[in-house]
Amino acid sequence: QKKLLYENAFNQIFTQHYTRLYLYAYHLTNDAEASRDIVSDVFAKLWEDIKHIKQENVSGYLTTTVRNRCIDHFRHQQVEIQYTKEYFAEVDTFYTDYTEAMRQDILISKMLDKLPAMTRHILEECYLARKTYQQVADEMNISPNTVKKHISKSLKMLKELFGSEKDLPNGPDFTTETYII
């Protein structure tokens with residue numbers, strides 16, 4: 001029987017206040033869906049607390065609760081906006097770094113293409129395959145000093161080429177077609 005009394009009281013309060021609370025929430029949020037959700041949550045909370053609510057306090061209780069839920073809604077939006085900004089900053093940084101790495105890879109590839117075949121092979125074996133001078137010398141049947149000379153020669157050439165092409169993408173032999181991501 002008490003349950004029936006609570007249901008009747010709740011239905012009366014709902015009918016009497018829903019539209020006003022919805023308009024209040026909409027006025028604060030300017031978002032129809034959020035306003036409906038907020039008011040629905042407030043009435044769900046009212047239903048949980050209906051035994052403890054006094055009829056004469058219900059209007060103030062509902063208005064205050066709607067206002068507080070609207071504030072919570074805005075706080076949640078601010079957190080989402082902050083995370084979105086941080087996400088976009090991370091993505092921008094990633095693609096900027098990726099683009100720079102691609103540019104450097106293209107530059108290095110172009111520079112390596114300008115080296116004599118044997119010098120390039122020795123450089124790649126020592127720096128990319130991380131082999132020692134002795135290992136490369138043994139594989140190629142040359143002396144470690146010859147490997148060292150080729151490395152010195154290649155690094156000198158790359159330094160000269162890098163100095164002349166450091167202003168890419170406007171440097172020689174660099175076209176946007178080779179650099180499309």
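Within the option set Ser109, Ser143, being at pLDDT 85 or above and among the small types (Gly, Ala, Ser) holds for one residue only, Ser143. The criterion of being touching a residue at least 24 places away in the same chain (Cβ under 8 Å), at negative phi and open to solvent by 60 Å² or more (accessible area, probe 1.4 Å) holds for Tyr98. From the list Phe88, Phe74, the one residue that fits, being farther than 30 Å from Glu160 by Cβ and modelled with pLDDT of 90 or more, is Phe74.
Within region 16-31, is there a residue that is open to solvent by 90 Å² or more (accessible area, probe 1.4 Å) and over 45 Å from the mean Cα position of the chain (by Cα)? Yes, region 16-31 contains at least one residue that is open to solvent by 90 Å² or more (accessible area, probe 1.4 Å) and over 45 Å from the mean Cα position of the chain (by Cα).
You will find that of Arg103, Arg120, Arg69, the residue that is open to solvent by 40 Å² or more (accessible area, probe 1.4 Å), closer than 30 Å to Tyr22 by Cβ and touching a residue at least 12 places away in the same chain (Cβ under 8 Å) is Arg69 and no other. Across region 123-147, the number of residues qualifying as in contact (Cβ under 8 Å) with a residue 12 or more places away in the chain and either under 43 Å from the mean Cα position of the chain (by Cα) or surrounded by 15 or more Cβ atoms within 10 Å (Cβ to Cβ) (or both) comes to 8. For region 1-15, a residue qualifies if it is of a type in the set (S, T, N, Q), open to solvent by 90 Å² or more (accessible area, probe 1.4 Å) and part of a helix (DSSP H, G or I), and the qualifying residues are Gln12, Thr15.
The values are calculated or read from the model by the stated rules, or taken from the named source; none is laboratory data. What you see is a predicted model, and the numbers here were worked out from it, not measured in a lab. Backbone-built Cβ (ideal geometry, glycine too); neighbour counts: all protein chains shown. What goes into the accessible areas is simple: the full protein's heavy atoms, side chains included, and nothing from ligands, DNA or RNA. Shrake-Rupley method; radii C 1.70, N 1.55, O 1.52, S 1.80 Å.
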